[in-house]
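The values are calculated or read from the model by the stated rules, or taken from the named source; none is laboratory data. All figures in this text were calculated on a predicted structure; none of them were measured in a lab. Here Cβ is always computed from backbone atoms with ideal geometry, including for glycine, and neighbour counts include all displayed protein chains.
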Amino acid sequence: MTVDTAPARVFIRSDFVVFGICAAAVGLAAVTRYANVPSVLAFAVAGGAVAALASLVGRSVEQLGDRFGAGATGVLQGALGNLPELFIGFFSLKAGLVAVVQSAIIGSILSNILLVLGLSFLAGGLKHGTQRFNSERARTTMVLMVLATAALVLPSLASYVHTPAEPHEKSLSVFVAIILLVVFALSLPASLRRSAAAAANDVHMEPPRWPVWVAVGLLALASGSAALVSDWFVYALEPAIDAMGISQAFAGLVIVAIAGNAIENVIGIKLAYKNQSDYALSVIINSPLQIALVLAPALVLLSLFTATTLTLVFAPMLIMAVAVTVIAVAFIVFDGESTWLEGATLVALYTIIASVFWWG
Amino acid sequence: MTVDTAPARVFIRSDFVVFGICAAAVGLAAVTRYANVPSVLAFAVAGGAVAALASLVGRSVEQLGDRFGAGATGVLQGALGNLPELFIGFFSLKAGLVAVVQSAIIGSILSNILLVLGLSFLAGGLKHGTQRFNSERARTTMVLMVLATAALVLPSLASYVHTPAEPHEKSLSVFVAIILLVVFALSLPASLRRSAAAAANDVHMEPPRWPVWVAVGLLALASGSAALVSDWFVYALEPAIDAMGISQAFAGLVIVAIAGNAIENVIGIKLAYKNQSDYALSVIINSPLQIALVLAPALVLLSLFTATTLTLVFAPMLIMAVAVTVIAVAFIVFDGESTWLEGATLVALYTIIASVFWWG
Amino acid sequence: MTVDTAPARVFIRSDFVVFGICAAAVGLAAVTRYANVPSVLAFAVAGGAVAALASLVGRSVEQLGDRFGAGATGVLQGALGNLPELFIGFFSLKAGLVAVVQSAIIGSILSNILLVLGLSFLAGGLKHGTQRFNSERARTTMVLMVLATAALVLPSLASYVHTPAEPHEKSLSVFVAIILLVVFALSLPASLRRSAAAAANDVHMEPPRWPVWVAVGLLALASGSAALVSDWFVYALEPAIDAMGISQAFAGLVIVAIAGNAIENVIGIKLAYKNQSDYALSVIINSPLQIALVLAPALVLLSLFTATTLTLVFAPMLIMAVAVTVIAVAFIVFDGESTWLEGATLVALYTIIASVFWWG
């Protein structure tokens, strides 16, 4: 309404909405943490607060990245975007909930490339008919996802067939974790360049509004709060699981995985609905790639500092589910087009996998 | 020889040939059913009669579908084309031959995408050299086949690795069966539209000759006879297996699977030989898709009404064979071209799989 | 320096270099074979001599093939190129080292499509950026590789899940071996035509320099020496394994596999570095195809004449490694482009697989 030049405004209305929601959610989570409320309620509120803080982390990263050149955003998001999931994983490990962490890692991959991809195909296909995504970028990301998945499943396979390496599963997991992190580090320059190119093409690009110190400060505050609230989330997790009568595996695979990825997920579906199917696909399959290349190995290395050891030897059904899924989705990405029926089938596949873990 | 206008003729010569063969085959099968003949002979005659009736069902569906708009043919064929196989499966379940039914389901998939696809590549390649099939339709059908196979194998995988879901394999199978049927139902509108478009392009399309009541009557008659003869086929199956000294698994995987799909199979190979490789591929990979989406789940649900329970937990070698095969064939379809050597290799792969089941 | 016309010169300088290296290497290997030297040294020298002789075999085949029409080179190379590996395999079987032979077969496949392909992507990508290889030939070769791998793994899968075919694993392996050799024989005419076409396009093509009797004589001499030196290599293998404290599986998978393929490997990497990425890919994935279609089945059949039986039932981890790898690489080939990051990831995957076998 005023004639102020836009860049002079540090905060716009949507910033205040996010701040407000975060403050309210964290406050509410603090109350449910220490008050005597049902564990399922405390768990749900903490989950909501984690999702809200994940959104604030994302916003701060965006503002900060833009300061240092547009390309830095992608890299920062790669490193910090999974921060809330990392906190949840770390506190779950400290609480000894290895089954939750392992199924949450696989569940995050599955919820992205089955549920979210399926919903985005459904939303895009019902609105726009058959959608095409012939970009090389999607195929290249998918090839890396196939390779990362191959690396991720090898320690489990080695353990199942009782190779002589079986007693060394911890060393093997650490070795694979380091290799995955090295591959991620090597991929950063290309991501940087690609993000910069994408930013240059993006007409919707706004100049950064927040001064560096505001962005850094909010990032630190949001991250710190996310750490705190993740702790509460995990604290409520075990009693909530008991109260709901579900298995640790199902809780990790479905509930923790969806809560931890809620924000990114919505973005992907929105983009498909707006018929930006190429961009939607990139966002959606980039997320599980980061889980395989960063989150999983980081948690393995962090677990060396907790009493609980996290190895990359997953329950066999988790490995089978991720193997079947990654192969099927790779064919879909290579097909270069999507229909709402494929979307519905992906969601159906997710439902079947979830139902396998339902019986705890 | 006469100058009658063609549409005035309700039946043409090839109709009478089919009627004659069906009547003779059913009569012969009735004789071998109740006379004291060797079981292998009775089995072979009943198998021939089932194939003849399948051809008559197909012809009636075609005439009927054309009345209600060309597109309906595809849908009706999807629903009724596997009717003889469904009868054989149902009676085999009633006879307690679960191993036969399970291996016949997988065998029908394998015989289509290995033996028939291989023979069509061989026939087409030897006659026309390298054949190309770059249609999106083939790739989209193959993607659905990959997804349906993924859903189909999950209950088996869950059982092999002894997840807590193992004792619930019956509930899980029913759940997966319902989901597969829902995906099939969702796919009908698109098939309808696609068939209508295909029909519009098809210059060979003839106007329907049979009045509706004739088509419906013959369809009912052929279906009823198919049910009856399927019963005889299954009646002779067990003694014939014993007489030939083969295993139930081999009988289902190879003999029942090929008998049940004989007619469709010949069509696919013929089309490839005529260099209509795109159409041939569509016909050939559409058939196993319907087996996965309709026949297998329908038999699981029908088994609830028999004393024998059919679950989707197949023998491990069946699952491995279908997994290896579907992945290999998906790459062939995505390659977009075929050679006679690929055809020969597919047939070789079929021979190897069959030989694994030979040793009973 | 002289003005002699080039074709008049039977041997050029690089011929003499190869002759000299071969003579020196064989002589040295003879000394270390019979003198009292550490086994690891004898093993390394014999390995070097095998590689040198492999290079001489290749050179003789090239000269010989050119005499009988350019296309014959490819076929001769297919049949004779793996001769040194065949000798090593045969003598290892005679020495009862089945685990070495089996892991060397799989290791030869893996070292080609992970290590060598990865290094060629790395070399090509770092020098030339993203490389494209959209040729149908690479995809067709990869499809055959997928099909051959499917055939190769089926006897193992049948054994793992204890099908009734398990006690017949020897018969089944011989059957699969014969089928693979038949597929190879059927592929020869197409390879012949393809090589001839490639030769016609190849401007670097030189006229053959060696008279037929020289080429045949040198081929016979090199092959005979390779047989002799392979025997020494295997003789030193077991004590060297003990001295190095590694497992038979690791020795076969990594050391024997790399030694046996050393020459071809260097060629593929060089071609990628020269930005002939299509040609590089063809050379690199053609080599494991020949291992699956010729070397492995030939060794199975040859083992019928030794006291040790070689079946196609491999250790489960070998099968899992090759299955994961072939699927991942098939997607890379179908992607149609490569980056140095994909190369690095392939090398990383090779390292992980090797490390699994490190713990013996």
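Within the stretch A:142-157, residues that are at the interface with another protein chain (Cβ under 7 Å from one of its Cβ atoms) and free of Cβ contacts under 8 Å to residues at least 12 places away in the same chain sit with their Cβ atoms under 6 Å from residues that are surrounded by fewer than 24 Cβ atoms within 10 Å (Cβ to Cβ) and among the β-branched types (Val, Ile, Thr), at 6+ positions apart or across chains, in these pairs: A:Ala150/C:Val324.
Among the residues of the stretch B:349-360, those that are at pLDDT 90 or above and within 7 Å of chain C (Cβ to nearest Cβ) comprise B:Leu349, B:Thr351, B:Ile352, B:Ile353, B:Ser355, B:Val356. In the stretch C:326-338, the residue that is surrounded by the fewest Cβ atoms within 10 Å (Cβ to Cβ) out of those that are at negative phi and more than 7 Å from chain A (Cβ to nearest Cβ) is C:Val333. Every test in (1) at pLDDT 80 or above; (2) within 26 Å of A:Ala236 (Cβ to Cβ) is passed by A:Gly81 save one, and that test is (1).
Only one entry of C:Leu97, C:Leu115, C:Leu93 meets the criterion of being at pLDDT 90 or above, under 26 Å from C:Glu337 (Cβ atoms) and not small (Gly, Ala, Ser), and that entry is C:Leu115. When B:Ser282, B:Ser277, B:Ser225 are screened for being in contact (Cβ under 8 Å) with a residue 60 or more places away in the chain and touching a strand residue (DSSP E or B) at 6+ places or on another chain (Cβ under 7 Å), only B:Ser277 passes.
Counting only helices (runs of 4 or more DSSP H) wholly contained in the stretch A:240-336, the ones carrying 1 or more residues that are under 19 Å from the mean Cα position of the chain (by Cα) and at pLDDT 90 or above occupy A:277-290, A:296-302, A:316-335. When residues in the stretch C:241-260 are screened for being in contact with a Ser or Thr (Cβ under 6 Å, 6 or more places away or on another chain) and farther than 14 Å from C:Ser92 by Cα, 2 of them pass. Condition first: of a type outside the set (Ser, Thr, Tyr), buried (at least 24 other Cβ atoms within 10 Å of the Cβ) and under 14 Å from B:Ala259 (Cα atoms). Can you find one or more residues in the stretch B:144-153 that meet it? Scanning the stretch B:144-153 turns up no residue that is of a type outside the set (Ser, Thr, Tyr), buried (at least 24 other Cβ atoms within 10 Å of the Cβ) and under 14 Å from B:Ala259 (Cα atoms).
Condition (residue is out of contact with any Cys (no Cβ under 8 Å at 6 or more places or on another chain) and buried (at least 22 other Cβ atoms within 10 Å of the Cβ)) applied to the stretch C:12-19: is it met by at least one residue? Within the stretch C:12-19, none of the residues are out of contact with any Cys (no Cβ under 8 Å at 6 or more places or on another chain) and buried (at least 22 other Cβ atoms within 10 Å of the Cβ).
When the residues of the stretch A:131-143 are filtered to those that are of a type in the set (S, T, N, Q) and within 18 Å of C:Ile332 (Cα to Cα), which remaining residue is surrounded by the fewest Cβ atoms within 10 Å (Cβ to Cβ)? For the stretch A:131-143, the residue satisfying everything is A:Asn134.
A quick yes/no check of all residues on (1) buried (at least 24 other Cβ atoms within 10 Å of the Cβ); (2) touching a residue at least 40 places away in the same chain (Cβ under 8 Å); (3) out of contact with any helix residue (DSSP H, G or I) (no Cβ under 8 Å at 6 or more places or on another chain); (4) more than 7 Å from chain B (Cβ to nearest Cβ):
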| site | (1), (2), (3), (4) |
| --- | --- |
| A:Pro297 | yes, yes, no, yes |
| A:Leu302 | no, yes, no, yes |
| A:Ala307 | no, yes, no, yes |
| A:Leu310 | yes, yes, no, yes |
| A:Pro316 | no, yes, no, no |
| A:Val324 | no, no, no, no |
| A:Trp340 | no, yes, no, yes |
| A:Ala344 | no, yes, no, no |
| A:Val347 | no, yes, no, yes |
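Of the set (1) over 24 Å from B:Ile327 (Cβ atoms); (2) outside any helix (DSSP H, G or I), all apply to B:Thr163 but (1). One residue alone among C:Leu126, C:Leu114 is of a type in the set (A, V, I, L, M) and crowded, with 24+ Cβ neighbours inside 10 Å, and that residue is C:Leu114. In the condition set (1) in a loop (DSSP other than H, G, I, E, B); (2) modelled with pLDDT under 85, B:Val37 is compliant with all but (2). Among all residues of the stretch C:47-65, there is none that is outside any helix (DSSP H, G or I) and modelled with pLDDT of 75 or more.
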